[in-house]
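Engineer: The structure follows.
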Amino acid sequence: MTLMATRPAAAADAGTGIAPILEVRGVSRLFETSRQHTLALSDVSLTVREGEFVCLLGPSGCGKSTLLNVIAGFEKPDAGEVVANGKRVTGPGADRVVVFQEAALFPWLNVRSNVEFGLKLGGRRRNERRQLAQDYLKLVGLERFEKAFIHELSGGMKQRVQLARSLAVDPSILLMDEPFAALDAQTRDVLQEELQNIWVRTRKTIVFVTHNVREAVLLADRVVVMSPSPGRIKREIDVSLEHPRDPDSHAVVDLAADIREELRNPEHIAAAPGTRYSI
């Protein structure tokens, strides 16, 4: 099985006549200390369409999380810009919500109140907040635990609460920073399956950071492969398998193996900027 090159992403989007929901334009990010300078990102450009599931894939230290933080507005690029929903990103915004690797939940609030928190900040009425929280807890399979406190939950359940809270405020772009990396293998498999089902139902635009090739193939419409520091985009791979996908299916396992093999071959890595590949 081989990877087939297609036209660059920008041309493909222009061909549809649909403006992208997210554009990263020539972004570079330099971290400076008194002892050293580290170029984390170098001239990164990326286009994401509405409803697309994109995985940023690469080894530790390649700038995946830095790029996600720039998109979220937590960090400012030293060069280039990010445009989300037609507006230049200058800081955090309600249109972009981050799901972190460690569930950032309030231990003094119960599950439902944690999910309601963002809705309360947004000025939603009490009855509306409660109904939305219940709806999204049902979506992630935690409706029976709405009155539980955070210390009573497993790691996987905490991540489901964080996901429900993020979805409840209805962001246009969901940013996920290795949300399953700290979980055991069995729980990770379950949450990967649940995330696929949630994405199929909601068609939320998702940008998902991972260093796991099979996880990227399992989840994404498109896999964006990044190089080691300084972070650059090596290539973009379109994955056409239908959702939901089985992590143990021959198609997923074989495609993941193909990508690993391609990435081991330096001759295959060199490609024109913006070149897309289809599997």
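Engineer: Compute the long axis of helix 250-264 from its Cα atoms, compare it with the longest principal axis of the Cα atoms of the chain, and write down the angle in degrees, 0 to 90, nearest 10.
Structural biologist: With both axes taken from Cα atoms, the answer is about 50 degrees.
Engineer: Order 188-198, 172-182, 252-262, 99-109 from most to least packed using the mean count of other Cβ atoms within 10 Å.
Structural biologist: Highest-to-lowest ranking by the protection proxy: 172-182, 188-198, 252-262, 99-109.
Engineer: Something else: Ignoring ligands, DNA and RNA, please state the percent of accessible area on the chain from carbon and sulfur, probe 1.4 Å. Can you show the working numbers first?
Structural biologist: Numbers: 6820 of 13800 Å².
The nonpolar share, carbon plus sulfur, comes to 49 percent.
Engineer: On C-alpha positions alone, give me the angle between the axis of helix 185-202 and the longest principal axis of the chain, in degrees, nearest 10.
Structural biologist: Helix 185-202 and the main axis of the chain meet at about 90 degrees.
Engineer: If you fit an axis through the alpha-carbon atoms of helix 126-139 and take the longest principal axis of the Cα set of the chain, what angle between them do you get, 0 to 90°, nearest 10?
Structural biologist: Tilt relative to the chain: about 60 degrees.
Engineer: Where only protein heavy atoms count, and the probe is 1.4 Å, what is the accessible area per residue for the chain in Å²? Working shown, then result.
Structural biologist: On the way: 13800 Å² over 279 residues.
On a per-residue basis, the chain sits at 49 Å².
Engineer: When the Karplus curve 6.51 cos²θ - 1.76 cosθ + 1.60 is applied with θ = phi - 60°, which whole-Hz ³J(HN,Hα) does each residue of region 166-183 get, with x for Gly and Pro?
Structural biologist: Couplings: 5, 5, 4, 7, 6, x, 6, 10, 9, 10, 10, 9, 6, x, 10, 5, 8, 8 Hz.
Engineer: Okay, moving on. For the chain, what is the calculated [θ] at 222 nm in deg cm²/dmol (nearest 500), taking -39500 (n - 2.57) for each run of four or more DSSP H residues and dividing by its residue count? Walk me through the numbers on the way to the answer.
Structural biologist: Numbers: 9 runs with 100 residues, N = 279.
So the helix-based figure for the chain works out to -11000 deg cm²/dmol.
Engineer: Another question, then. Using each residue's phi in region 208-224, evaluate 6.51 cos²θ - 1.76 cosθ + 1.60 at θ = phi - 60° and report the 3J(HN,Hα) Karplus result to the nearest Hz, with x for Gly and Pro.
Structural biologist: Working through the residues one at a time gives 10, 8, 7, 10, 9, 4, 5, 4, 4, 5, 5, 9, 8, 6, 9, 9, 9 Hz.
Engineer: Take every DSSP beta bridge with both residues inside the chain and express the antiparallel ones as a percent of the total, to the nearest 5. Mind showing how you got there, number by number?
Structural biologist: Values: 25 of 47 bridges.
The answer is about 55 percent antiparallel.
Engineer: Something else about it: Can you give the relative contact order of the chain as a percent, counting alpha carbon pairs under 8 Å and 6+ residues apart? Spell out each step's value before the answer.
Structural biologist: Values: 547 pairs, mean separation 74.7, N = 279.
Normalised by residue count, the contact order of the chain is 27 percent.
Engineer: Also: Lysine pairs in the chain 8 or more apart or on different chains: how many have alpha carbons under 30 angstrom apart?
Structural biologist: The number of close lysine pairs in the chain is 24.
Engineer: Also: Mind giving me the FRET efficiency for residue 37 and residue 60? R0 is 22 Å, r the Cβ-Cβ distance, nearest 0.05 is fine.
Structural biologist: Numbers: r = 20 Å, r/R0 = 0.89.
For residue 37 and residue 60, the calculated efficiency is 0.65.
Engineer: Let me ask something else about it. Here are some values of semi-axes √(5λ) of the Cα gyration tensor in Å: (i) 32, 28, 20; (ii) 31, 22, 18; (iii) 35, 24, 16. Which one was computed from this structure?
Structural biologist: (ii)
Engineer: Normalised by the number of residues in region 96-161, what is the relative contact order in percent for Cα pairs under 8 Å and 6+ residues apart?
Structural biologist: Numbers: 54 pairs, mean separation 29.5, N = 66.
Reported relative contact order: 45 percent.
Engineer: Let me ask you something else. Which trypsin sites (Lys or Arg not before Pro) from region 97-179 combine a DSSP loop assignment with at most 12 other Cβ atoms within 10 Å? Mind showing how you got there, number by number?
Structural biologist: Numbers: sites: 112, 120, 124, 125, 126, 129, 130, 138, 144, 147, 158, 160, 165; in loops: 124, 125, 147.
Answer in residue order: 125, 147.
The values are calculated or read from the model by the stated rules, or taken from the named source; none is laboratory data. All values reported here derive from a predicted model rather than from experimental measurement. So basically every Cβ, Gly included, is an ideal-geometry build from the backbone, and we count neighbours across all protein chains shown. Accessible surface areas use protein heavy atoms only, side chains included; no ligands, DNA or RNA. Shrake-Rupley method; radii C 1.70, N 1.55, O 1.52, S 1.80 Å.
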